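One structure below.
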Amino acid sequence: MRGANALLGASGLAAFLALGEAVPRLGVVDEDYFPPTSRIADAFATELADEAFWTALGDTLTGWALGLVIAVTAGILAGVLISVTPYLREATASTIEFLRPIPSVALIPLAVLLYGTELRSVLLLVVYASFWQVLVQVMYGVQDVDPVAEETARSYGLGTWARIRHVLWPTALPYVMTGVRLAAAVALILAVTAELVIGAPGLGARIAVAQTSQAVPEMYALVVVTGLLGLLINVGARTVERRALAWHQSVRGEVAV
Amino acid sequence: MRGVEAVLLRLLLVVALPALLVVVWWFASDDSTDVYWPPLRTILTTFPDVWTGERLRGDVLPSLLRLTAGYACAAVAGVALGTVIGSYRRVRAVCEPVLEFLRAVPPPVLVPVIMLFAGIGDTMKIAVIASGCVWPILLNTVEGVRAVDSVMSETARSYGITGPARLRHLVLRSASPQIFAGLRQALSIGIILMVISEMFAASNGLGFTIVQFQRGFAIPDMWTGILLLGLLGFVLSVVFRLVERRALGWYHGRRDASRRSS
């Protein structure tokens, strides 16, 4: 069953690549705009051999990872603090609801003015965008704590810290993991965006340069790289989630079926 | 009397922190001479000068129209394709890896790609917004359609409910919570893409204007632009929530009921 699906998936992928080769070759679209798969693959290989490409990849990953770590740490701390302090949740709800939908790209002009094309520009955008993903999930998670378990822990005389550690955290962890997974994807989008629009060094800036210098196959190759990166991050985040929640019903249930 | 007090307390809790933050911002920045952080007073007095009349018609409106057009295209295409892919197991198996890859591409990198095809006009922006928004809608629809309750599906079959009626009353309805989750994700991606496509290449629009202000060092004007974008994001998410509440009223009601009974 799994094997058959993998086969079908591979054939789908092959068809997709073949279509990418055939459409420009048959002249359906202009080859200058949409180079055939083989030329993109060529450009991809050239990129891999280029040292500047690896530097750009490293820059993008640095911005992504650093921003994600800051956002996740801040999101978890703030989320738990807000949820366990009486009244703080109600008091912050409207502010969070107002700040959350503010598109992070609105901060681009400010980031440019303050930090130019430095890493800090990228971090400002990445952290702002991914922080909310984590925060909101943590707050949902804490809300989900079973009142009976909470009361039981209380009546057994567990202190605040012990209750956070043994009751609240295990309940919230699946939500936290979802938040981290979403934040990881958002962080990549914002890291690449900042590079593309602001010109901070990284894959995004390389795409912008390839576009302005009419290096079309290189541009497509770089877009493919960002896609692969996104894919790796998704798969990686899922794996981490599965590991961290190996004890949890949702994961154990999946395996049994 | 107690009810009134409770309402007042709630109201106080809702208003207190935002009010406090605004007041802090107002006084902390009041005698600010830092070029980048102008006093809130200046920003607020600049706001009406900047965002009325010509600019509202010439920049805000086109932006919103592009967003609406792109988002609508993505919603229609996403739900339609998602329903087809979700309904047939084999189609799903064939498409899955390609879809996963396409979804993983950060949407903003589509701006330079689509610029090649569509130039820098409105078509490009609508295409960018649509092609970025479509993935969360599509994939969520697939998940939702897949998860249609098999008992209900069998029941529908044995009652002879097929074709459009089955699609409308069973498939789309039971997938709608998932579809709305996708639409919600797509909305924030849409706003981001609207702004970015205008920052990249445009002659009007919100993103374009804000970058113009920044390049011209019209800092208070730039700040009003940031505030306006924030306000826009907020208003759109409120509107979305109202629509969702109406459309998914039955679902939220059922969930609340089951939560109370458990």
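For residue B:120, which of the numbered conditions (1) in a helix (DSSP H, G or I); (2) within 14 Å of chain A (Cβ to nearest Cβ) fails to hold?
Failed condition: (1).
Within segment A:71-88, can one find any residue that is touching a helix residue (DSSP H, G or I) at 6+ places or on another chain (Cβ under 8 Å), of a type in the set (Phe, Trp, Tyr), under 30 Å from residue A:136 (Cβ atoms) and assigned to a helix (DSSP H, G or I)? Steps first, answer last, please.
The first filter runs over segment A:71-88 and keeps only residues touching a helix residue (DSSP H, G or I) at 6+ places or on another chain (Cβ under 8 Å), leaving A:71-72, A:74-76, A:78-84, A:87-88.
Now drop any that are not of a type in the set (Phe, Trp, Tyr), which leaves A:87.
Retained after the next criterion (residues that are under 30 Å from residue A:136 (Cβ atoms)): A:87.
Remaining after also requiring assigned to a helix (DSSP H, G or I): none.
No, because not a single residue in segment A:71-88 is touching a helix residue (DSSP H, G or I) at 6+ places or on another chain (Cβ under 8 Å), of a type in the set (Phe, Trp, Tyr), under 30 Å from residue A:136 (Cβ atoms) and assigned to a helix (DSSP H, G or I).
Can you tell me how many residues in segment A:65-84 are open to solvent by 50 Å² or more (accessible area, probe 1.4 Å) and either among the hydrophobic types (A, V, I, L, M, F, W, C) or under 23 Å from residue B:16 (Cβ atoms) (or both)? Quick ask: steps written out before the conclusion?
Taking segment A:65-84 as the starting set, the residues that turn out to be open to solvent by 50 Å² or more (accessible area, probe 1.4 Å) are A:66, A:69-70, A:73, A:77, A:81, A:84.
If we keep only those that are either among the hydrophobic types (A, V, I, L, M, F, W, C) or under 23 Å from residue B:16 (Cβ atoms) (or both) too, we end up with A:66, A:69-70, A:77, A:81, A:84.
So the count comes out to 6.
State whether the residues of segment A:77-90 include one that is touching a residue at least 40 places away in the same chain (Cβ under 8 Å), within 30 Å of residue A:56 (Cα to Cα) and not aromatic (Phe, Trp, Tyr).
Kept after step one, since they are touching a residue at least 40 places away in the same chain (Cβ under 8 Å), are these residues of segment A:77-90: A:78-80, A:82-84, A:89.
If we keep only those that are within 30 Å of residue A:56 (Cα to Cα) as well, we get none.
The answer is no, given that none of the residues of segment A:77-90 is touching a residue at least 40 places away in the same chain (Cβ under 8 Å), within 30 Å of residue A:56 (Cα to Cα) and not aromatic (Phe, Trp, Tyr).
Let's see how each residue does on (1) surrounded by 23 or more Cβ atoms within 10 Å (Cβ to Cβ); (2) within 14 Å of chain B (Cβ to nearest Cβ); (3) in contact (Cβ under 8 Å) with a residue 24 or more places away in the chain:
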{"site": "A:93", "(1), (2), (3)": "no, yes, no"}
{"site": "A:115", "(1), (2), (3)": "no, yes, no"}
{"site": "A:141", "(1), (2), (3)": "yes, no, yes"}
{"site": "A:144", "(1), (2), (3)": "no, yes, yes"}
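Across segment A:186-219, which residue is farthest from the other protein chains (Cβ to nearest Cβ) among those that are assigned to a helix (DSSP H, G or I), surrounded by fewer than 24 Cβ atoms within 10 Å (Cβ to Cβ) and small (Gly, Ala, Ser)?
A:205
Name the helices (runs of 4 or more DSSP H) wholly within segment B:20-113 that hold at least 1 residues that are surrounded by fewer than 18 Cβ atoms within 10 Å (Cβ to Cβ) and away from chain A (no Cβ under 14 Å)?
Working: elements: B:40-50, B:61-87, B:89-104.
Helices (runs of 4 or more DSSP H) meeting the threshold: B:40-50, B:61-87.
Hey, can you tell me all the residues within segment A:35-60 that are touching a residue at least 40 places away in the same chain (Cβ under 8 Å), open to solvent by 50 Å² or more (accessible area, probe 1.4 Å) and under 12 Å from residue A:203 (Cβ atoms)?
Residues satisfying the conditions are A:55, A:59.
Are there any pairs, at least 6 apart or on different chains, whose C-beta atoms fall under 8 Å, with the first in segment A:6-34 and at the interface with chain B (Cβ under 9 Å from one of its Cβ atoms) and part of a helix (DSSP H, G or I) and the second surrounded by fewer than 13 Cβ atoms within 10 Å (Cβ to Cβ) and basic (Lys, Arg), and if so, which?
As it stands, the answer is A:8/B:90, since those pairs meet every condition given.
Just name the residue that is surrounded by the most Cβ atoms within 10 Å (Cβ to Cβ) out of those in segment A:146-159 that are part of a helix (DSSP H, G or I) and touching a helix residue (DSSP H, G or I) at 6+ places or on another chain (Cβ under 9 Å). Outline the logic, then answer.
Step one: filter segment A:146-159 for residues part of a helix (DSSP H, G or I), giving A:147-155.
If we keep only those that are touching a helix residue (DSSP H, G or I) at 6+ places or on another chain (Cβ under 9 Å) too, we end up with A:149-150, A:152-154.
Details: A:149: 15, A:150: 15, A:152: 12, A:153: 17, A:154: 13.
Going through the qualifying residues, I end up with A:153.
What residue, among those in segment A:3-60 that are closer than 18 Å to residue A:223 by Cβ and of a type in the set (Ser, Thr, Tyr), is modelled with the highest pLDDT?
First pass over segment A:3-60, keeping only residues closer than 18 Å to residue A:223 by Cβ: A:13, A:16-17, A:19-21, A:23-24, A:29-48, A:50, A:52-54, A:56-57, A:59-60.
With the extra rule that they be of a type in the set (Ser, Thr, Tyr), the set shrinks to A:33, A:37-38, A:46, A:60.
Values: A:33: 83, A:37: 91, A:38: 90, A:46: 91, A:60: 95.
The qualifying residue modelled with the highest pLDDT is A:60.
Would you confirm whether or not segment A:160-177 contains a residue that is touching a helix residue (DSSP H, G or I) at 6+ places or on another chain (Cβ under 8 Å), part of a helix (DSSP H, G or I) and closer than 20 Å to residue B:188 by Cβ?
Yes; the residues of segment A:160-177 include at least one that is touching a helix residue (DSSP H, G or I) at 6+ places or on another chain (Cβ under 8 Å), part of a helix (DSSP H, G or I) and closer than 20 Å to residue B:188 by Cβ.
Is it the case, given these coordinates, that residue A:3 is within 14 Å of chain B (Cβ to nearest Cβ), without any contact (Cβ under 8 Å) to a residue 12 or more places away in the chain and in contact with a Pro (Cβ under 7 Å, 6 or more places away or on another chain)? Spell out how you get there, then give the answer.
Working: within 14 Å of chain B (Cβ to nearest Cβ): yes; without any contact (Cβ under 8 Å) to a residue 12 or more places away in the chain: yes; in contact with a Pro (Cβ under 7 Å, 6 or more places away or on another chain): no.
No; evaluated as a whole, the condition is false for this residue.
If a residue must be in contact (Cβ under 8 Å) with a residue 12 or more places away in the chain and in contact with an Asp or Glu (Cβ under 9 Å, 6 or more places away or on another chain), how many such residues does segment B:212-262 contain? Outline the logic, then answer.
Our first condition is that a residue be in contact (Cβ under 8 Å) with a residue 12 or more places away in the chain; within segment B:212-262, this holds for B:213, B:217, B:219-229, B:232-233, B:236-237, B:240, B:244, B:247-248, B:251.
Next, from what is left, pick out any that are in contact with an Asp or Glu (Cβ under 9 Å, 6 or more places away or on another chain): B:213, B:221, B:224, B:237.
Qualifying residue count, segment B:212-262: 4.
Only residues in segment B:111-133 that are under 22 Å from residue B:99 (Cβ atoms) count as the first member; pair them with residues that are at pLDDT 90 or above and aromatic (Phe, Trp, Tyr), Cβ under 6 angstrom, at least 6 apart or cross-chain, and list the lot.
Pairs that qualify, where the first residue is under 22 Å from residue B:99 (Cβ atoms) and the partner is at pLDDT 90 or above and aromatic (Phe, Trp, Tyr), are B:133/B:71.
Look at segment B:217-262 and say how many of its residues are open to solvent by 50 Å² or more (accessible area, probe 1.4 Å), within 11 Å of chain A (Cβ to nearest Cβ) and of a type in the set (Gly, Ala, Ser).
The number of residues fulfilling the criteria is 1.
Of the numbered conditions (1) in contact (Cβ under 8 Å) with a residue 24 or more places away in the chain; (2) closer than 30 Å to residue B:148 by Cα, residue B:58 fails exactly one; give the number of that condition.
(2)
The values are calculated or read from the model by the stated rules, or taken from the named source; none is laboratory data. Because the structure is predicted, anything quoted here is derived from the model rather than measured. Ideal geometry is used to build each Cβ from the backbone, glycine not excepted, and the neighbour counts take in all protein chains shown. The protein model used for the area step is the full one, side chains on, heavy atoms only, and it has no ligands, DNA or RNA in it. Shrake-Rupley method; radii C 1.70, N 1.55, O 1.52, S 1.80 Å.
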